[in-house]
Amino acid sequence: YWIIYRMPDGKQRKEYVGSFEELNGYSIEDARLAESKRKTQKKENRLLDIRVDSKLTFSELSKWYLNLSSVKALASFRSVSIYLNNFNKVFGKKTVGTIKPLDLEELQTKRKKQGLKPASIDLEIALVKTMVTKAFDNDLLDGNSLKAFRKIKRMIKRGANARKRIISFEEYLDLFDSATSHFRPVLITAYHTGMRSGELQKLQWNHIDRKKGFIRLPAEITKERREKNIPINHHVKTVLNALPRALNHNFVFTYKGKPFTHKNGFVHSFKSTCEKAGLPYGRNAQNGMTLHDIRGTVKTNMLGAGMDKVYRDLILGHSLTGMDVDYLAPTEETLKKEMEKFTQWLDDCIESISANVTQTLPKTG
């Protein structure tokens, strides 16, 4: 049940009365009593002191949150579900509004003893905070429910955990020489487009616009949930022209004729390539590299090539900010020219290091 009333500022508030699961414990009389209480507070000019008397537990709130269409559509839905489930193993039966900062601090200590990394501990609390904020915005909870999450301090300062590992031109050539025949096309495409591992894995032939020279990623396979159009340079074009097309599926990158079904399929291949090239792999290794570091390397290389931030953001899928959003609308032709300049700069850099670059990176379109 719920009641509806207006606040002094004219805004209408919808307040739920009772539990989402154990409705047998509540009746229409409870709603009428709550409504009567609000009317009395209104007469006494005490509406601003209202706190929503929600009995929601974290488990009940999680069921509501995970059933929202907007949440189900998240690319990270599975991870969100796992984190909320782990949180509910500790606080699932606890009423949301009763949690204190000390409770969350104890959770941080407990998770640390369990061997979890600070970044994972921060993410768990941040995801629960997002859920609680969503409920508050929709009048399921009052502001008091958010207090603990706003007061708790992160274990890692913002930006302190960001990856800054850049793959040098020499390292890229070593990786190229060491890559297997099925992974080398992935490596080349990643190094020249900055596409994420998941985007490469889900890339299909119908996403390739050969006529206009673009990879057109649909919103459902990008992390940003927005369409992304990436110019194809001569390296990527050579790769795509050489790859065979399967008869029973439409995926571009395959292993023994089958698509990469495991989400870490490329990661394992990259690890093996690093080991064969004698390069350190992994976040925990000294100066270790990861597959995602290629994306950061591409953005750094684009900066080195003199590519404007607007074009870097558009190609890599980052959101435009400030006045750029309203006033800039680069054409696809402009994006292609910027990609050509970047590719030429990249080729020149590699040529200065390796005299055999024409054999390893063919320049014929």
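Of the residues HIS262, HIS249, HIS235, which single one is under 28 Å from SER70 (Cα atoms) and either of a type outside the set (D, E, K, R) or in contact with a helix residue (DSSP H, G or I) (Cβ under 9 Å, 6 or more places away or on another chain) (or both)?
Numbers: HIS249 fails: under 28 Å from SER70 (Cα atoms); HIS235 fails: under 28 Å from SER70 (Cα atoms).
The conditions single out HIS262.
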Query raised in the report: Among the candidates THR254, THR238, THR222, THR273, which residue alone is within 22 Å of the chain's Cα centre (by Cα), surrounded by 14 or more Cβ atoms within 10 Å (Cβ to Cβ) and among the hydroxyl-bearing types (Ser, Thr, Tyr)?
Result: THR222
Requested in this report: Six or more apart or on different chains, Cβ under 7 Å: which pairs go from a residue in region 176-201 that's on the phi > 0 side of the Ramachandran plot and in contact (Cβ under 8 Å) with a residue 60 or more places away in the chain to one that's of a type outside the set (S, T, N, Q) and part of a helix (DSSP H, G or I)? Could you list them?
Outcome: GLY194/ARG295; GLY194/VAL298; GLY194/LYS299; GLY194/ILE315; GLY194/LEU316
Query raised in the report: Pick from region 93-107 the residues that are buried (at least 16 other Cβ atoms within 10 Å of the Cβ) and either in contact with a strand residue (DSSP E or B) (Cβ under 9 Å, 6 or more places away or on another chain) or in contact (Cβ under 8 Å) with a residue 24 or more places away in the chain (or both): which of them is nearest to TYR65 (Cα to Cα)?
Result: VAL96
Query raised in the report: How many of the residues in region 108-142 are in contact with a Gly (Cβ under 7 Å, 6 or more places away or on another chain) and open to solvent by 40 Å² or more (accessible area, probe 1.4 Å)?
Result: 1
Requested in this report: Check ARG111 against each of (1) free of Cβ contacts under 8 Å to residues at least 24 places away in the same chain; (2) of a type in the set (D, E, K, R); (3) out of contact with any Asp or Glu (no Cβ under 8 Å at 6 or more places or on another chain) and name the one condition it does not meet.
Outcome: (3)
Report task. Examine region 139-162 for a residue that is in a loop (DSSP other than H, G, I, E, B), at pLDDT below 90, among the polar types (S, T, N, Q) and within 22 Å of ALA285 (Cβ to Cβ), and state whether such a residue exists. Result -> yes
Report task. For region 256-271, indicate whether the set of residues that are more than 16 Å from PHE176 (Cα to Cα) and assigned to a strand (DSSP E or B) is non-empty. Result -> yes
Query - Hits in region 77-133 (condition: closer than 14 Å to PHE58 by Cβ and among the small types (Gly, Ala, Ser)) - result: SER81, GLY92, GLY97
Report task. Please go through region 257-270 and pick out each residue that is of a type outside the set (A, V, I, L, M, F, W, C), open to solvent by 30 Å² or more (accessible area, probe 1.4 Å) and in contact (Cβ under 8 Å) with a residue 60 or more places away in the chain. Result -> LYS263
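The values are calculated or read from the model by the stated rules, or taken from the named source; none is laboratory data. On a predicted model such as this, the values are computed, not experimentally measured, just so you know. Reconstructed Cβ throughout: ideal geometry from the backbone, glycine too, with neighbour counts over all protein chains shown. Note: areas computed on protein heavy atoms with side chains; ligands, DNA, RNA excluded. Shrake-Rupley method; radii C 1.70, N 1.55, O 1.52, S 1.80 Å.
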